[in-house]
1. Starting from the stretch 139-157, keep only residues that are within 9 Å of ligand 1 (Cβ to nearest atom) and open to solvent by 10 Å² or more (accessible area, probe 1.4 Å), then list their pairs with residues that are assigned to a loop (DSSP other than H, G, I, E, B) and β-branched (Val, Ile, Thr) whose Cβ atoms are within a distance under 9 Å, requiring at least 6 positions of separation or different chains.
2. Which of the following residues is over 21 Å from the mean Cα position of the chain (by Cα), acidic (Asp, Glu) and at pLDDT 95 or above: GLU45, GLU5?
3. Out of all the residues in the stretch 139-152, is one or more touching a strand residue (DSSP E or B) at 6+ places or on another chain (Cβ under 9 Å) and more than 16 Å from ligand 2 (Cβ to nearest atom)?
4. What residue, among those in the stretch 274-324 that are in contact with a His (Cβ under 8 Å, 6 or more places away or on another chain) and hydrophobic (A, V, I, L, M, F, W, C), is farthest from VAL177 (Cα to Cα)?
5. For the stretch 112-126, which positions are open to solvent by less than 60 Å² (accessible area, probe 1.4 Å) and either under 18 Å from the mean Cα position of the chain (by Cα) or β-branched (Val, Ile, Thr) (or both)?
6. Considering each of ALA17, ALA83, ALA46 in turn, give the residue that is closer than 27 Å to ALA286 by Cβ, surrounded by 17 or more Cβ atoms within 10 Å (Cβ to Cβ) and away from ligand 1 (no atom under 11 Å from the Cβ).
7. For VAL75, indicate whether it is in contact with a helix residue (DSSP H, G or I) (Cβ under 9 Å, 6 or more places away or on another chain) and either modelled with pLDDT of 95 or more or under 24 Å from SER145 (Cα atoms) (or both).
8. Determine whether GLU154 is over 18 Å from the mean Cα position of the chain (by Cα) and over 22 Å from VAL317 (Cα atoms).
Amino acid sequence: MSRAEVRVPDESALAEAASILEAGGLVAFPTETVYGLGADGLDAEAVARIFAAKGRPADNPLILHVAAVEQLRQVTRGVSPAALRLAEAFWPGPLTLVLPKARAVPPITTAGLDSVAVRVPSHPVALGLLRAFGGPIAAPSANRSGRPSPTRAEHVAEDFGDEVAMVLDGGATTHGVESTVIDCTESPPVLLRLGALTREAIEAVVGPVATTPGEDAARRSPGLRHRHYAPRARVVIAAPGELARVVAKLRASGERVAAIVREGEPGAAAAQVWRVPEDSELQGYARELYAALRGLDAGGVGVIVAESVPEEGLGRVIMDRLRRAAER
Ligand code: TXA
Ligand code: MG
């Protein structure tokens with residue numbers, strides 16, 4: 001299988017990408033969160049190609065990307081005041097709103113749900129493509145189902161061959177974790193997926209939001225049921241200060257061990273160490289996490305050890321993704 005063509009996202013590449021979408025094909029593009037695998041969101045056959053290429057279960061709905069809030073009218077029926085406040089505060093940006101679905105959106109896009117997930121991304125290449133194409137672009141993260149989301153164009157090319165006609169290369173993404181998904185068909189809104197926009201930031205705009213415990217969340221957002229974000233290697237989460245000890249213990253039992261270590265922390269005696277930038281808000285850790293999981297995995301280690309971080313702000317998201325990666 002030949003690899004997807006990786007292109008510098010200049011005007012001519014964007015125009016070509018838009019015509020691929022018009023013809024029902026697939027284009028991968030950078031967003032500020034992770035790379036997306038895009039198709040015409042209103043074309044059922046094109047959307048079916050996304051599910052086939054990713055090996056994505058049909059019960060996991062997609063996010064529609066639009067160029068501006070005005071385009072909501074085309075894909076939704078009615079937007080609650082809370083949803084509008086969130087859109088005004090955070091779009092373009094890493095927030096996905098679940099809203100009542102308009103009939104123009106084919107059932108395959110929303111996995112048969114009566115609601116639709118929508119966001120306006122802030123990445124200039126994503127916005128350029130949306131403007132060149134004109135309509136809503138359905139785009140899940142551009143990884144094969146179950147793999148860590150791609151934060152660089154190479155990750156997309158690793159996962160796909162020529163079923164993806166073009167990959168627009170925008171370099172490394174800014175946030176490195178997916179958008180936050182919030183269900184605005186209910187009042188108060190229900191946080192369905194933690195992501196790059198923190199719960200704290202959302203609550204500062206609309207007040208307290210609900211979070212649903214595991215089983216109910218899985219019913220509302222089918223994606224949460226599926227295994228996610230997992231490298232091939234086993235992932236082990238070490239308690240604060242315990243990383244070196246956990247690594248040593250695993251090595252003593254004959255494992256080939258890799259570690260994700262924050263800068264400034266003492267290194268561990270692992271076969272491979274992936275340093276993530278140390279900053280108080282954990283942006284560096286979030287940005288590098290999936291690249292670290294993919295990179296260490298490619299080195300063929302059996303176990304990846306990561307140290308846990310405090311569960312506030314982005315720390316909540318990092319721990320959520322680490323736990324999912326650690327699930328077997
Ligand atoms: O940052 C992101 O959100 C990236 C970029 C490309 O925009 N996209 C992304 O898409 O992460 P995906 O398909 O990997 O994740 C979409 C999530 C899934 O958990 C899915 O179940 C949920 O959004 N979702 C989509 N439509 C929904 C709906 N109508 N109701 C509830 N959850 C929905
Ligand atoms: Mg995904």
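The values are calculated or read from the model by the stated rules, or taken from the named source; none is laboratory data. Small disclaimer: the values here were computed from a predicted structure and weren't measured. A quick note on method: Cβ atoms are made from the backbone with ideal geometry, for glycine too, and the neighbour counts reach across all protein chains shown. What goes into the accessible areas is simple: the full protein's heavy atoms, side chains included, and nothing from ligands, DNA or RNA. Shrake-Rupley method; radii C 1.70, N 1.55, O 1.52, S 1.80 Å.
1. That search, which allows pairs on different chains as well, returns SER141/THR33; SER141/VAL34.
2. From the options GLU45, GLU5, the qualifying one is GLU45.
3. no
4. Residue satisfying both the conditions and the ranking: ALA291.
5. Once the filter is applied, which keeps residues that are open to solvent by less than 60 Å² (accessible area, probe 1.4 Å) and either under 18 Å from the mean Cα position of the chain (by Cα) or β-branched (Val, Ile, Thr) (or both), the stretch 112-126 yields VAL116, ALA117, VAL118, ARG119, VAL120, PRO121, SER122, HIS123, VAL125, ALA126.
6. ALA83 is the lone residue from the list that is closer than 27 Å to ALA286 by Cβ, surrounded by 17 or more Cβ atoms within 10 Å (Cβ to Cβ) and away from ligand 1 (no atom under 11 Å from the Cβ).
7. Taking the combined requirement at face value, the residue does not satisfy it.
8. no
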